[in-house]
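Each remark here refers to the structure printed beneath this line.
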Amino acid sequence: GAVVSQHPSRVICKSGTSVKIECRSLDFQATTMFWYRQFPKKSLMLMATSNEGSKATYEQGVEKDKFLINHASLTLSTLTVTSAHPEDSSFYICSARDVAGRIQFFGPGTRLTVL
Amino acid sequence: AQRVTQPEKLLSVFKGAPVELKCNYSYSGSPELFWYVQYSRQRLQLLLRHISRESIKGFTADLNKGETSFHLKKPFAQEEDSAMYYCEKYAGNNRKLIWGLGTSLAVNP
């Protein structure tokens, strides 16, 4: 099956710094990638839809200047958490969808801790 | 606003008992419905989708357009079914993804 990787798997940073998370589709081309945030009680929040070669579409309530998304190629999307604060600490998950389907293939997630 | 509702945050059953995880969605033409599952310490993965009409790991889900539901069912739950289950709707007309908040299924021995 299709494989999606995320890097890093875990990151700890100081408040005020920026953190970049990469999402890669390893064996297929993903025209669309999605970024999610998973909260401690496991609820899943879609943050944004990342389209290759165009601007990301953000969900209501998600600050686009805070969470910068770049989808520069058909296999890579990045999420940059700018000026991170402790409340940004969370589990961030990406997924990718291939050209043909509606199915999402998920990455393993990135645990961000902001001190 | 479009919605996907999973009314149970937690569902606890005994091994061998039938299980039904509920999912209701707001009507929007011809949506596509999915169930995704996340086992402990594993990534989210597709369990099944309504258009394939298949049974995966003993689970089935039928799209009921009249009741706007897509409940996930299994006649005999197993301990390894314990996981977090999410219902998702893809509204193709505006390409929206709508997720339920998830149901944690605990199958007790």
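No lab work stands behind these numbers, since they all come straight from the coordinates. Only a predicted model underlies this, so the values are computations on that prediction, with no experimental measurement involved. Reconstructed Cβ throughout: ideal geometry from the backbone, glycine too, with neighbour counts over all protein chains shown.
Segment B:R43..B:S55, full-extension length gain: 2.2 nm, with 0.36 nm per residue of separation and the alpha-carbon distance subtracted. When only alpha carbons are used to place a centre, region A:16-53 and region B:1-21 end up 26 Å from one another.
Net charge around B:C87, counting only other residues with Cβ within less than 12 Å of its Cβ (Lys, Arg = +1; Asp, Glu = -1)? After counting each charged neighbour, the total is +1.
Only one residue of A:S73, A:L26, A:S83 has its Cα farthest out toward the positive end of the dipole of region A:9-115, where Lys and Arg carry +1 and Asp and Glu -1 on Cβ, and that residue is A:S83. Applying D = kT/(6 pi eta Rh) to chain B, where Rh is the Kirkwood radius over alpha-carbon pairs, T corresponds to 37 °C and eta to 0.692 mPa s, the Stokes-Einstein value obtained is 236 µm²/s.
Each residue of chain A gets 96 Å³ once the volume of the Cα convex hull is shared out per residue. Here A:K66 is the anchor, and the lysines within straight C-alpha reach of less than 19 Å, apart from those fewer than 8 places off in the same chain, are A:K14, A:K20, A:K55.
Charge tally for A:L76 (other residues, Cβ to Cβ under 14 Å; Lys, Arg +1; Asp, Glu -1): -1. Placing unit charges on the Cβ atoms only, positive for Lys and Arg and negative for Asp and Glu, gives chain A a dipole magnitude near 260 debye about its Cα centre. Distant-in-sequence amide contacts of A:A48, defined by a placed amide H-H separation under 5 Å and a gap of 5 or more residues or a different chain, comprise A:W35, A:E59. Applying the criteria of a DSSP loop state and at most 13 other Cβ atoms within 10 Å to the GluC sites (Glu not before Pro) of region B:1-72 yields B:E54, B:E67.
Most simply put, chain A has about 90% antiparallel DSSP beta bridges, counting only bridges with both residues inside it.
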